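Structure record follows, encoded as structure tokens.
The values are calculated or read from the model by the stated rules, or taken from the named source; none is laboratory data. From a predicted model like this one, the values you see are computed outputs, not experimental measurements. FYI the Cβ positions are ideal-geometry reconstructions off the backbone, even for glycines, and counts take in every protein chain you see. The area values use the complete protein model at the heavy-atom level, side chains included, leaving out ligands, DNA and RNA. Shrake-Rupley method; radii C 1.70, N 1.55, O 1.52, S 1.80 Å.
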Amino acid sequence: MNRALSLRSRPGFSIVELLVAVTLTLAVFAITLPFVRVQSRALGANAGRMDAEQVARYAQRTIDRDLSQAAQVGDQPTLVFAGPMGIAFNANLLAADASDPSAEEIESGAASTLTEGWRVANAATIPLTNRTYPTVDYTDPAGGLSRVETISYFLRSDTISGRTDVYVLYRRVNARDSTQVVRGIQVPADSSFFSYFRTVADTLQRITSGFPLYWDSTTTRSIRAVGIRSTGFFRNNVERRDVLRTVQWRVNLQPFRSASSACTATPAAATGLTATGQFSTTTNSDSTNKWSVRLAWSASAGDVASGPVRRYAIDRQFGGVWRTIAAVAATAGASYRFDAAAPRDNGAMTFRVRAISCGGVPSAGITAAITVTP
């Protein structure tokens, strides 16, 4: 009996109290849910914008890194194919060992089909075209077989996306298998990914007709810059809308010049290299200042219309070792400048500029040191 009385007398919630608690809980949820939805949509939108921009910038930077090294060596042309959705060019990007001093990078034991010129024995169709390349085995100015590779970038429809204006960007070296660079590139039907410019009255003018262009065309030889319009695509399924972010860039090319007998000789060095720190008014996400180093120098004596100099290699010293970070096309100008981005790096650093001949022979380097503390 005592146990039963104890249980009946234990305090608890009445039905009215439970109803009030449930009502208040539902009211709190009703008030906070819209805010949660807004925040969730904002996060999704930001993620979509970042994804689209990363796709666009990755495509642009990958092409720019290779195309900025495009060069004419001997009679081997700079541009092989120029089209609105594809491009092929010659550049000495990779070597299997240190015996090729003009290569930008060395990968020990790399296959010859990745590190040497495209041979007639392996000739194949250029992507997006019906033209076969090469038609001859190109040689360097010393008479040996060329070590300059042919790099192709091209876009094909992205069948997974279910859209006709979304593409996948591919890269190919010589006649090797193509590799996927990035997918989710949007190109409207009335637009193009690549554009081309030539000099008219000292002004770059866009070429609007005649495509595709090939290495045996005088128009191709007149191209001085390549434009890249890279648009990243992201489908926001929550809001059921497409997110697009576009990056536009232009890469300058060296002018076509007939092969010079001086290609095998060491070119004259550039002069007057200076390095100046350039700061921006904004900051990075980690609160560090954005800045870059502006390099300026006077042209090599061989950088004239009939001279052997084809480009300038920009090197930076890392841990006592020189590494090439970029190249600037030689345009027979009197002076040049280059902005070396260093968004999170600071302190003392040393840069070097070397003139590179049409035979890939580098000049002596000129150096400039700078210390910057953001």
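Let me confirm something: among 206, 240, 221, which residue is modelled with pLDDT of 90 or more and open to solvent by 80 Å² or more (accessible area, probe 1.4 Å)?
So the residue among 206, 240, 221 that is modelled with pLDDT of 90 or more and open to solvent by 80 Å² or more (accessible area, probe 1.4 Å) is 206.
Filter the range 103-126 down to the residues that are buried (at least 20 other Cβ atoms within 10 Å of the Cβ) and in contact with a Lys or Arg (Cβ under 8 Å, 6 or more places away or on another chain), then identify the one that is farthest from residue 72 (Cα to Cα).
Looking at residues that are buried (at least 20 other Cβ atoms within 10 Å of the Cβ) and in contact with a Lys or Arg (Cβ under 8 Å, 6 or more places away or on another chain), I get 115.
Would you tally the residues in the range 146-188 being part of a strand (DSSP E or B) and touching an Asp or Glu at 6+ places or on another chain (Cβ under 6 Å)?
7
Among the listed residues 138, 170, identify the single one that is in contact (Cβ under 8 Å) with a residue 60 or more places away in the chain and among the aromatic types (Phe, Trp, Tyr).
That would be 138, the only listed residue that is in contact (Cβ under 8 Å) with a residue 60 or more places away in the chain and among the aromatic types (Phe, Trp, Tyr).
Report every pair of residues separated by at least 6 positions or lying on different chains whose Cβ atoms are under 7 Å apart, first residue within the range 267-281 and closer than 8 Å to residue 294 by Cα and surrounded by fewer than 13 Cβ atoms within 10 Å (Cβ to Cβ), second at pLDDT 75 or above and not aliphatic (A, V, I, L, M).
Sorted first by the residue in the range 267-281, then by its partner, the list stays empty.
Answer yes if at least one residue in the range 75-87 is modelled with pLDDT under 80 and open to solvent by 60 Å² or more (accessible area, probe 1.4 Å), and no otherwise.
yes
Would you say residue 310 is of a type in the set (Lys, Arg) and either touching a residue at least 60 places away in the same chain (Cβ under 8 Å) or surrounded by 15 or more Cβ atoms within 10 Å (Cβ to Cβ) (or both)?
Considered against the rule, which asks whether it is of a type in the set (Lys, Arg) and either touching a residue at least 60 places away in the same chain (Cβ under 8 Å) or surrounded by 15 or more Cβ atoms within 10 Å (Cβ to Cβ) (or both), residue 310 comes out as yes.
Let me spell it out: the conditions are (1) assigned to a loop (DSSP other than H, G, I, E, B); (2) closer than 30 Å to residue 85 by Cα; (3) open to solvent by 40 Å² or more (accessible area, probe 1.4 Å); (4) modelled with pLDDT under 90, and residue 254 meets all of them except one. Which number is the exception?
The one condition residue 254 does not meet is (3).
Starting from residues that are in a loop (DSSP other than H, G, I, E, B) and modelled with pLDDT under 85, keep the ones in the range 362-374 and report whichever is surrounded by the fewest Cβ atoms within 10 Å (Cβ to Cβ).
Per the criteria, the residue is 373.
Got a sec? Which of 222, 192, 161 is closer than 22 Å to residue 64 by Cβ, of a type outside the set (A, V, I, L, M, F, W, C) and touching a residue at least 40 places away in the same chain (Cβ under 8 Å)?
Only one candidate passes the filter, namely 192.
From the set of residues in the range 334-356 that are modelled with pLDDT of 85 or more and polar (S, T, N, Q), which is nearest to residue 269 (Cα to Cα)?
The residue in question is 335.
So in the range 282-300, with the set limited to residues that are open to solvent by less than 30 Å² (accessible area, probe 1.4 Å) and hydroxyl-bearing (Ser, Thr, Tyr), which one is modelled with the lowest pLDDT?
My answer is 292.
Could you figure out which of (1) touching a Phe, Trp or Tyr at 6+ places or on another chain (Cβ under 8 Å); (2) open to solvent by 30 Å² or more (accessible area, probe 1.4 Å); (3) not charged (D, E, K, R) isn't true of residue 230?
(2)
Taking the condition farther than 17 Å from residue 70 by Cβ and under 23 Å from the mean Cα position of the chain (by Cα), does residue 201 pass?
no
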